[in-house]
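Structure first, commentary second.
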Amino acid sequence: MSIDALFCHCRPGFEPELAAELAERAALLGHAGYPKASRGSGHVEFISDEAAQLARRLPFADLVFARQKLLRLADLRGLDPKDRITPILAALEANVPVRDGPPFGELWVEHPDSDEARPLSGLARSFGNALRPALRKAGWLSPRDDARRSRLHVVFLSGDHAVLGRSHPGDSAPWPQGIPRLRMHADAPSRSALKLEEALMTLLDDGEREARLRDGLRGADLGAAPGGWTWVMLRHGLHMIAIDNGPMRTHLFDTGRLEHLRVDGFRWQPDSPLDWMVCDMVEQPRRVATRMADWLREGWCAQTVFNLKLPMKKRWDETRQCLDLFQAQAGRPLVLRARQLYHDREEITVYARPA
Ligand SMILES: C[S@@+](CC[C@H](N)C(=O)[O-])C[C@H]1O[C@@H](n2cnc3c(N)ncnc32)[C@H](O)[C@@H]1O
């Protein structure tokens with residue numbers, strides 16, 4: 001049975017936030033539909049007769065709580081463990097038009113990042129190995145992996161239930177399950193370093209990273225101790241001012257490019273404009289958003305990455321209100337990208353600069 005829907009991976013526990021985000025955004029775009037989510041499942045579906053159109057008008061890059069966005073091609077239930085391939089080929093036949101050449105360049109067999117679905121990883125791996133040659137033989141998949149073409153996703157929700165989906169390389173996360181596998185570096189002062197690394201990897205494109213993270217640029221890190229984020233910026237060649245009453249890891253000073261000020265991150269401002277300000281202070285999100293807006297409005301930094309720690313309830317409402325407040329108080333048009341990263345827990349990460 002084929003139903004038109006979007007299928008998104010998310011952090012387990014944040015299904016209500018993603019469901020609320022999809023519902024609100026679809027409504028604002030004038031698309032009818034409704035979300036289907038169950039808490040802890042690590043995914044949300046948005047059922048809509050206009051899912052394909054909605055998918056085009058709702059770019060992955062604009063979604064805060066989605067780790068990955070797929071267009072659902074089929075919802076396959078009651079799969080026979082002895083032959084799961086035949087129904088997949090039949091569903092493709094029924095739902096995917098073939099024009100010139102194989103429609104898909106890659107196959108990703110996945111499962112949601114939930115406690116319940118994690119044991120399916122072995123099945124996903126072995127089934128991928130069996131399905132891939134069958135798809136190639138039937139002309140659905142290019143003879144060799146081709147990252148420019150659409151991807152075919154098979155997402156196992158249980159051993160006999162899989163969702164078939166499609167994603168486009170320019171409008172989706174480039175990692176299975178939307179999870180970047182980053183390794184903690186032995187020199188990194190804290191695991192938080194992974195958050196900023198992931199933010200720079202996901203919220204900036206290749207060109208922006210090359211142009212905007214260069215030797216000799218200057219930045220500040222508000223709420224810097226013990227120094228994970230500062231360490232990331234130092235590795236990109238920046239000169240950094242770390243603002244925190246807490247101590248910074250001493251090896252960071254060996255670079256000769258770090259100054260540490262034990263002052264209040266909500267009051268301090270630089271003597272002259274900086275290229276970057278990053279901020280990981282644990283505080284009320286509205287207070288952080290307001291202060292971040294001061295920085296952009298006053299031109300104290302050319303761009304910023306900051307975290308907003310979310311409350312326990314109504315986290316989508318709080319997210320939207322904080323981002324609206326930030327934009328309004330910055331007093332100028334912004335490039336604004338926000339996402340709950342894989343390495344974020346009860347928080348989201350924002351990148352912003354004047355447009
Ligand atoms: C989550 S930790 C930061 C971790 C850091 N980003 C890293 O990668 O190692 C939050 C830090 O914010 C600091 N902080 C909280 N409120 C602050 C304020 N008003 N001014 C300066 N630092 C503050 C705390 O002292 C704490 O070290």
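The values are calculated or read from the model by the stated rules, or taken from the named source; none is laboratory data. Note that the structure is predicted; figures quoted are calculated from it, not measured. FYI the Cβ positions are ideal-geometry reconstructions off the backbone, even for glycines, and counts take in every protein chain you see. These area figures cover heavy atoms from the full protein model, side chains too; ligands, DNA and RNA do not enter into them. Shrake-Rupley method; radii C 1.70, N 1.55, O 1.52, S 1.80 Å.
Miscellaneous remarks
- In segment 205-239, of all residues being within 8 Å of the ligand (Cβ to nearest atom) and assigned to a loop (DSSP other than H, G, I, E, B), the one that is farthest from L252 (Cα to Cα) corresponds to G223.
- Filtered residue count, segment 313-336, keeping only those that are open to solvent by 50 Å² or more (accessible area, probe 1.4 Å) and touching an Asp or Glu at 6+ places or on another chain (Cβ under 8 Å): 2
- Taken as a whole, segment 292-308 holds at least one residue that is more than 8 Å from the ligand (Cβ to nearest atom), touching a residue at least 60 places away in the same chain (Cβ under 8 Å) and in a helix (DSSP H, G or I).
- Exactly one residue out of A37, A66 is without any contact (Cβ under 8 Å) to a residue 24 or more places away in the chain, crowded, with 19+ Cβ neighbours inside 10 Å, under 19 Å from L157 (Cα atoms) and not β-branched (V, I, T): that is A37.
- The combined condition, being more than 15 Å from the ligand (Cβ to nearest atom), part of a helix (DSSP H, G or I) and not charged (D, E, K, R), is fulfilled by T202.
- Selected residue (only one of A193, A162 is surrounded by 20 or more Cβ atoms within 10 Å (Cβ to Cβ) and either within 12 Å of the ligand (Cβ to nearest atom) or among the polar types (S, T, N, Q) (or both)): A193
- Whichever residue in segment 1-21 is out of contact with any helix residue (DSSP H, G or I) (no Cβ under 9 Å at 6 or more places or on another chain) and either open to solvent by less than 10 Å² (accessible area, probe 1.4 Å) or not in a loop (DSSP other than H, G, I, E, B) (or both) and, among such residues, is farthest from P169 (Cα to Cα): E15
- Test: D160 is touching a helix residue (DSSP H, G or I) at 6+ places or on another chain (Cβ under 6 Å), touching a residue at least 60 places away in the same chain (Cβ under 8 Å) and among the charged types (D, E, K, R): no
- The residues listed here are D221, D280, D205; of these, the one that is surrounded by fewer than 19 Cβ atoms within 10 Å (Cβ to Cβ), closer than 27 Å to L310 by Cβ and of a type in the set (D, E, K, R) is D205.
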